[in-house]
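Here is the structure we will look at.
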Amino acid sequence: MSILAETRFPARLDSLRPALGFVSSLAQTQGFSKKRAQQIELALEEILTNICNYAYKGKEGNFGITCRLEAGGRLVLEIVDEGTPFDPLSVPDPDVTAKMDERQPGGLGIFLVKQFMDDVQYRREGSKNILSLTILKEEQNKNDSP
């Protein structure tokens, strides 16, 4: 596994565009299709928006993104923040079969992240929340199979 790139941004909503552009550009240079890069962007936008809005509870903070390439061309993104401990995978999936007015609020964003990404893992190390997203190229992607 080799690190392709690492970066840090202030945990503010105005950091979203440069952070998403950074990862999308990197994914495309690694041979991921535009469609797959857009899925990565959508998932990452959800995660980063939550960090910016909730992780630091009104205080200043940062988030980091590390991009690694693994065997088979798998891209692994690690998103790290030092905000309030929170495992987004602990949120139950929403009932997407229920009518809109019957659904409980929340949980749809991380549900979509899990749908777009091939693997999502969370761990807490010391003061850090670390969310790992694994993305396969299209020919291997579970979401693009017929």
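The values are calculated or read from the model by the stated rules, or taken from the named source; none is laboratory data. On a predicted model such as this, the values are computed, not experimentally measured, just so you know. With ideal geometry, Cβ positions are generated from the backbone for all residues, glycine too; neighbour counts draw on all protein chains shown.
Being outside any helix (DSSP H, G or I) and either touching an Asp or Glu at 6+ places or on another chain (Cβ under 8 Å) or closer than 13 Å to residue 76 by Cα (or both) is the filter here; which residues of region 26-42 pass it?
Hits for region 26-42 are 30, 32, 33.
Which one of the conditions (1) at pLDDT 95 or above; (2) buried (at least 17 other Cβ atoms within 10 Å of the Cβ); (3) closer than 19 Å to residue 69 by Cα does residue 8 fail to meet, given that it meets all the rest?
(2)
Of the residues that sit in region 107-146 and are aromatic (Phe, Trp, Tyr) and surrounded by fewer than 18 Cβ atoms within 10 Å (Cβ to Cβ), which one is modelled with the highest pLDDT?
Checking each candidate, the answer is 122.
Within region 1-25, which residues are of a type in the set (Gly, Ala, Ser) and outside any strand (DSSP E or B)? Show your work before the answer.
Residues of region 1-25 that are of a type in the set (Gly, Ala, Ser), as a first pass: 2, 5, 11, 15, 19, 21, 24-25.
11, 15, 19, 21, 24, 25 - these are the residues of region 1-25 that are of a type in the set (Gly, Ala, Ser) and outside any strand (DSSP E or B).
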